[in-house]
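A short worksheet on the structure shown next.
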Amino acid sequence: MYLFKLLLICVLCHSCIAKEEDVLEFGDGDFDSRIAEHETALVMFYAPWCGHCKRLKPEYAKAAEDLIRNDPPVALVKVDCTEAGKETCNKNSVSGYPTLKIFKNGKFSQDYNGPREAGGIVKYMKSQVGPSSKELKTVQCLEKFLTTEKESAVVGFFEKESELKAAFLKLADKLREKIRFAHTTFKELLDKQGIKDGVVLFRAAHLQNKFEDGTVKYDGKPNTADLNDFITDIFHGLVGHRKPDNKDDFKTPLVVAYYAVDYVKNPKGTNYWRNRILKIAKEFKGKATFAISAKDDFQHELNEYGLDYVKGDKPVVVARDAKNQKFILKDEFSIEALEVFVNDVLEGNLEPYLKSEPIPESQNEPVKVAVAKNFDELVVNNEKDTLIEFYAPWCGHCKKLAPAYDELAEKLKDEDVVIVKMDATANDVPAPFEVRGFPTLYWASKDAKDAPVRYEGGREVDDFIKYIAKQATNELKGYDRKGNPKSEKTEL
């Protein structure tokens, strides 16, 4: 038993090392010469102390293991900007970590703006090599194209040049990072499909089901816009597999079932629950979007619904309506419960879930404290100009801002202006406010609360006062429009 455990540890260690070794490391002395050896390479410029870099590292290594075997291969490279690669990082205008860039034949091609998890990196980088639409020359080539990847695909069948073919190839260029495209002009394939000039969506084998067709032929006009609408509308089917790299494809009203979705280790179990959701999705076709997601990949989303831990095998179902309000299926999952839930969401019969701290018992401090439950009262309907800060308790920049923000509120406490703060990690941030970093500040004029403006100015007290004095609906009592203090004589 001891030898078996030792052998197992060695095998696991070897596996980890192999993954790490698939990521190439270049430095100042060899970057230019070695990057030129690769037709396509993704380069991560990093700092060892960077937390985001540490989180990306295992995903990057896992992607490298897959991409190095791609045809053609894609090299994944890393450069340490604090040691051996300082000069290289400066040369490539690296100002933050991690910075990812794509190189073609040794030359910078474009910044990498794709996903930061292994599957998404692989999919994005595979789309960067070769043509946007793969040419198929035999029936076997089509079969291989459709089965090699566990993804749906779009294939064009063209006997000759046509408007549809031109539109198809143009769309393939546009969507190459999201969807796999292929086309053929070979008679054997055209005869087998019975198509002379057409485009077909082929659903991935593991997603095919009895509730919808496994292949769908395009019958619309031969232009890129209509073809694009057709593909994007039906690509994920009645119940799509929603993953970190495609989550933005799914529009509201949206119903998502979270459970142990795993088409590699447990496809049968995954489809057991998906088939039940499909039955309801068919009834609401055209009225709502349905999807399944792996609960382990989306714990951060579940947290937004107050679900810190999902136990058991049955799906947990949540929804967002057309207004992006959140709802939770509180009953144990069943086909019947899901049907009632979806209908109630669409009919507006349910109270939305609101992530919120308790409303403060008092608001005696100059800076008022907003939570989700009192946001409308304190910010939207206060009939005053408002400056609001969305912060995180752990944010260093927020802590640094706090004294100046408090002083600002004290100086303006007798003005027709409210200075507000809200912990955006503990409360839902309502639209149209959008928070992607901390602190985020907005100016909301009392006459235009539906169109707040992001504050991008300085963060000293005088910076805030000059901005507010200029933007205030009514001139401040204590400051002129330039932010200069008014003298007592001027006030008289």
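Numbers at a glance
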{"quantity": "Phe202 vs. criteria over 24 Å from the mean Cα position of the chain (by Cα) and at pLDDT 95 or above", "calculated": "yes"}
{"quantity": "Hits in the range 51-93 (condition: touching a Pro at 6+ places or on another chain (Cβ under 7 Å) and either assigned to a loop (DSSP other than H, G, I, E, B) or farther than 17 Å from Glu20 by Cβ (or both))", "calculated": "His52, Thr82"}
{"quantity": "Matching residues, the range 93-105, being at pLDDT below 95 and either among the basic types (Lys, Arg) or within 15 Å of Glu37 (Cβ to Cβ) (or both)", "calculated": "Lys104, Asn105"}
{"quantity": "Test for Lys285: is it closer than 19 Å to Phe235 by Cβ, open to solvent by 80 Å² or more (accessible area, probe 1.4 Å), out of contact with any Asp or Glu (no Cβ under 8 Å at 6 or more places or on another chain) and not small (Gly, Ala, Ser)", "calculated": "yes"}
{"quantity": "Residue satisfying condition, being modelled with pLDDT under 95 and open to solvent by less than 40 Å² (accessible area, probe 1.4 Å), within set Ala448, Ala431, Ala444", "calculated": "Ala448"}
{"quantity": "Hits in the range 110-137 - residues which are outside any loop (DSSP other than H, G, I, E, B) and under 21 Å from Leu169 (Cβ atoms)", "calculated": "Gln110, Lys123, Tyr124, Lys126, Ser133, Lys134, Glu135"}
{"quantity": "Pairs with Cβ under 6 Å, 6+ apart, first in the range 295-323 and modelled with pLDDT of 90 or more, second open to solvent by less than 80 Å² (accessible area, probe 1.4 Å) and part of a helix (DSSP H, G or I)", "calculated": "Pro315/Trp273; Ala319/Val345; Asp321/Val345"}
{"quantity": "Identity of the residue in the range 132-161, touching a residue at least 24 places away in the same chain (Cβ under 8 Å) and β-branched (Val, Ile, Thr), that ends up most open to solvent (accessible area, probe 1.4 Å)", "calculated": "Thr147"}
{"quantity": "Near pairs, Cβ below 7 angstrom, 6+ apart or cross-chain, from the range 201-228 (among the charged types (D, E, K, R)) to any residue that is in a loop (DSSP other than H, G, I, E, B)", "calculated": "Arg203/Ser152; Arg203/Gly214; Arg203/Gly237; Glu212/Gly237; Glu212/Leu238; Asp226/Gly220"}
{"quantity": "Residues (farther than 24 Å from His52 by Cβ and open to solvent by 20 Å² or more (accessible area, probe 1.4 Å)) located in the range 107-131", "calculated": "Lys107, Gly130, Pro131"}
{"quantity": "Any pair with Cβ under 7 angstrom, 6 or more apart, that starts in the range 375-392 at a residue that is more than 16 Å from Asp406 (Cβ to Cβ) and ends at one that is assigned to a strand (DSSP E or B) and basic (Lys, Arg)", "calculated": "Leu378/Lys368"}
{"quantity": "Unique match (being modelled with pLDDT under 50 and under 30 Å from the mean Cα position of the chain (by Cα)) among Ala41, Ala18", "calculated": "Ala18"}
{"quantity": "Candidate set: the range 89-106, residues that are open to solvent by 10 Å² or more (accessible area, probe 1.4 Å) and in contact with a helix residue (DSSP H, G or I) (Cβ under 6 Å, 6 or more places away or on another chain); chosen: the one farthest from Thr148 (Cα to Cα)", "calculated": "Tyr97"}
{"quantity": "In the range 419-428, the residues that are modelled with pLDDT of 95 or more and open to solvent by 50 Å² or more (accessible area, probe 1.4 Å)", "calculated": "Lys421"}
{"quantity": "Yes/no for Asp416 being surrounded by fewer than 19 Cβ atoms within 10 Å (Cβ to Cβ) and touching a residue at least 40 places away in the same chain (Cβ under 8 Å)", "calculated": "yes"}
{"quantity": "Exclusive hit being among the small types (Gly, Ala, Ser) and closer than 21 Å to Leu354 by Cβ, set Ala451, Ala469, Ala444", "calculated": "Ala444"}
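The rows are residues; the columns are (1) touching a residue at least 40 places away in the same chain (Cβ under 8 Å); (2) not β-branched (Val, Ile, Thr).
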site: Val23; (1), (2): yes, no
site: Ile35; (1), (2): yes, no
site: Leu56; (1), (2): yes, yes
site: Pro73; (1), (2): no, yes
site: Thr82; (1), (2): no, no
site: Gly85; (1), (2): yes, yes
site: Cys89; (1), (2): yes, yes
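The values are calculated or read from the model by the stated rules, or taken from the named source; none is laboratory data. Keep in mind that this is a model prediction, so the values were computed, not measured. With ideal geometry, Cβ positions are generated from the backbone for all residues, glycine too; neighbour counts draw on all protein chains shown. Calculation scope for accessible area: heavy atoms of the full protein, side chains included, ligands and nucleic acids excluded. Shrake-Rupley method; radii C 1.70, N 1.55, O 1.52, S 1.80 Å.
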